[in-house]
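Engineer: The structure under discussion is supplied below as structure tokens; questions concerning it will follow.
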Amino acid sequence: LSILKDAGGAPQVVPGGFSLTAAGVTARFTSRGVEVGDWHYALIAPPGPARLPERLGRRVVYRRPSGVTEWYEAAEGGLEQGFTVTQRPRSPSGDLVLLAEVTGVAGLENGGDSLVFGPLRYGDLKAWDATGRLLPAAMEWDDATRTLALRIHQEALAGAEFPVTIDPLLSLPAWAGG
């Protein structure tokens with residue numbers, strides 16, 4: 001997940017967590033999740049207790065007991081989000097699923113390979129294993145529960161070397177005035 005803007009700085013300590021800014025776009029990180037303006041994103045599966053974010057160099061990191069690390073950093077292309085998954089899923093389906101609740105921005109549109117939440121576009125999903133082999137991944141939106149699933153099917157994971165990285169993109173398109 002990246003805010004496509006200029007490079008930002010290091011994480012700043014704010015009450016209850018951290019913030020990162022890229023070209024005037026600020027994301028706030030607390031135990032409740034991530035906020036960019038009115039957009040709120042909170043990983044809810046794999047399940048685990050709410051975690052406080054940590055600062056690790058230029059990154060803000062959420063370490064999950066399930067072997068999932070959710071990370072954010074200001075990079076040349078903007079504010080980037082990624083997930084590093086260290087172990088195979090234990091779900092009955094065998095699929096690797098990251099499930100997040102997304103709230104605060106009305107007007108969701110399905111843009112084919114992306115979702116548009118107000119002025120924010122979430123898309124360009126990529127995933128790869130420890131060898132760099134690309135893995136097919138899918139985004140699934142459930143309007144009734146306002147949840148977003150990032151999924152890699154069991155078949156794609158069959159020969160995957162862990163850790164696996166999942167990397168969507170959050171952008172502010174030029175038409176949004178970002």
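Engineer: Provide the net charge surrounding Ala149, with neighbours chosen by a C-beta distance below 9 Å and charges set as Lys +1, Arg +1, Asp -1, Glu -1.
Structural biologist: -1
Engineer: Okay, next question. If you plug each phi of the range 84-99 into the Karplus form 6.51 cos²θ - 1.76 cosθ + 1.60 with θ = phi - 60°, what whole-Hz ³J(HN,Hα) values come out, in order, with x for Gly and Pro?
Structural biologist: 10, 10, 8, 9, 4, x, 10, 6, x, 6, x, 6, 8, 10, 10, 10
Engineer: Can you give me the long-range amide H partners of Ile44? Hydrogens built in the peptide plane at 1.01 Å from N, cutoff under 5 Å, separation of 5 or more residues or another chain.
Structural biologist: For Ile44, the qualifying residues are Leu99, Ala100, Glu101.
Since every read-out is calculated from the coordinates, none of them should be taken as a lab result. Please read all numbers here as calculations on a predicted model, not as lab measurements. FYI the Cβ positions are ideal-geometry reconstructions off the backbone, even for glycines, and counts take in every protein chain you see.
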